[in-house]
Amino acid sequence: MLYLIGLGLGDAKDITVKGLEAVRRCSRVYLEAYTSVLTVGKEALEEFYGRKLILADREEVEQEADNILKDADISDVAFLVVGDPFGATTHSDLVLRATKLGIPYRVIHNASIMNAVGCCGLQLYKFGETVSIVFWTDTWRPESFFDKVKKNRQNGMHTLCLLDIKVKEQSLENLIKGRKIYEPPRYMSVNQAAQQLLEIIQNQRIRGEEPGTQDPRRTLCVGLARVGADDQKIAAGTLQQMCTVDLGEPLHSLIITGGSIHPMEMEMLNLFSIPENSSESQSMDGL
C-alpha cells in the first residue's frame with residue numbers, strides 16, 4: 001500500500017500517532033522536500049520516526065513517480081508531506097498514478113497552513129480563493145493572481161497568500177547547459193510579498209486600471225511566520241507596515257483581509273497589532 005502521511009506544521013512530533021505507526025511499518029519512506037519545510041531537518045525526523053528517509057525533490061515526484069511507487073503493490077511505502085498530503089496538486093497526481101497501477105493507497109491527514117491560519121483570529125469560512133506569490137525575476141513579473149485578491153475583497157473574503165520557496169532550483173544558465181548545479185534555498189518573506197503587492201498596485205494605476213482602494217498602503221494585512229512552531233509569530237498591520245515588519249526565519253504567509261471584518265476578528269487582530277501604529281488597525285481602508 002501507498003501511504004500519504006501529513007506531518008503537520010511544526011516539528012517531528014507533530015505527526016499523528018496513526019501516521020507514525022504507518023511510517024514505522026513501511027519498507028521505504030520518502031520525504032517530499034519542495035512544497036514546504038519543517039522547522040527541523042531530515043535527521044531530526046529520522047531520529048524520532050526511527051526510520052531512514054529518502055528525500056524526494058520536485059523532479060523525482062513529478063517526473064519519476066514510478067520510482068516511488070515501485071513494489072508498493074507488494075510492500076508498504078510512505079510518502080511524507082509537510083502539512084496535509086493534499087496541500088499540493090502534485091500529490092493528487094501520485095494517487096492517480098497509484099490507482100492506475102492497481103496500488104491501494106491510504107491518506108493520513110494532519111494540520112496545514114490552510115486551516116492553521118485561523119490562529120490569527122480570522123474566521124476560516126470567510127476566506128476566499130488562496131493565491132501564490134512567486135519571486136519575481138528581471139524578465140518574469142506575474143501579476144495575474146492579483147485579480148483573485150480583488151475578487152475576494154469584492155466578496156468580503158480574506159485572501160491567504162502562500163509565499164514562494166525555492167529549493168534545489170537551477171539558474172537559467174545551468175539549466176540550459178544541463179549542469180546539476182543548484183542555487184541556495186530561498187524563502188519569500190512577508191516583506192518581499194508586500195513590496196511586490198504594492199508595486200503591482202502602482203503598475204495597475206499607471207495603466208489606468210482600478211486597484212480597488214483609495215489608499216492600498218493602509219489595507220489591513222496579517223503576516224504569519226512558522227505557524228505551529230514554538231516561535232510562531234503573527235503581526236497585523238497595514239500593507240505598508242508589512243514591508244518592514246521583521247518576522248524572522250521562514251516559512252512566512254500573508255493574509256489580505258476582506259472588506260468587512262467582524263468585531264471579534266478585529267479584537268483578535270488587535271492582539272497582534274504592530275505596536276508603533278496599532279491605532280491604525282481600527283481605521284484601515286479596504287483594498
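Things to note:
- Single residue of region 257-276 satisfying the filter (modelled with pLDDT of 95 or more and of a type in the set (D, E)) that is least open to solvent (accessible area, probe 1.4 Å): E265
- Members of region 26-43 that are touching a residue at least 12 places away in the same chain (Cβ under 8 Å), open to solvent by 40 Å² or more (accessible area, probe 1.4 Å) and not polar (S, T, N, Q): R28, V37, V40, K42
- Filter result for L101 (touching a Leu at 6+ places or on another chain (Cβ under 9 Å) and not charged (D, E, K, R)): yes
- For region 8-25, the set of residues classified as open to solvent by less than 40 Å² (accessible area, probe 1.4 Å) and among the charged types (D, E, K, R) is empty.
- Any chance I181 is touching a residue at least 24 places away in the same chain (Cβ under 8 Å) and part of a loop (DSSP other than H, G, I, E, B): no
- Applying the criterion of being more than 16 Å from the chain's Cα centre (by Cα) and without any contact (Cβ under 8 Å) to a residue 12 or more places away in the chain to the residues of region 86-116, the residue that is least open to solvent (accessible area, probe 1.4 Å) is S92.
- Yes/no for R28 being at pLDDT 95 or above, in contact with a Lys or Arg (Cβ under 9 Å, 6 or more places away or on another chain) and not hydrophobic (A, V, I, L, M, F, W, C): yes
- When region 117-132 is filtered for residues that are open to solvent by less than 20 Å² (accessible area, probe 1.4 Å) and touching a strand residue (DSSP E or B) at 6+ places or on another chain (Cβ under 7 Å), the ones remaining, listed by number, are V117, C120, L122, V131.
- Out of D71, D76, D57, one residue alone is on the phi > 0 side of the Ramachandran plot and among the charged types (D, E, K, R). It is D71.
- Checking each residue of region 205-219 against the condition of being touching a strand residue (DSSP E or B) at 6+ places or on another chain (Cβ under 7 Å), at pLDDT below 95 and open to solvent by less than 20 Å² (accessible area, probe 1.4 Å) gives at least one match.
- Entry remark, region 135-145: residues being free of Cβ contacts under 8 Å to residues at least 40 places away in the same chain and open to solvent by less than 40 Å² (accessible area, probe 1.4 Å) number 2 in total.
The values are calculated or read from the model by the stated rules, or taken from the named source; none is laboratory data. From a predicted model like this one, the values you see are computed outputs, not experimental measurements. As a convention, Cβ positions derive from the backbone with ideal geometry for all residues, glycine included, and neighbour counts pool all protein chains shown. The accessibility values were calculated without ligands, DNA or RNA, using every heavy atom of the protein model including side chains. Shrake-Rupley method; radii C 1.70, N 1.55, O 1.52, S 1.80 Å.
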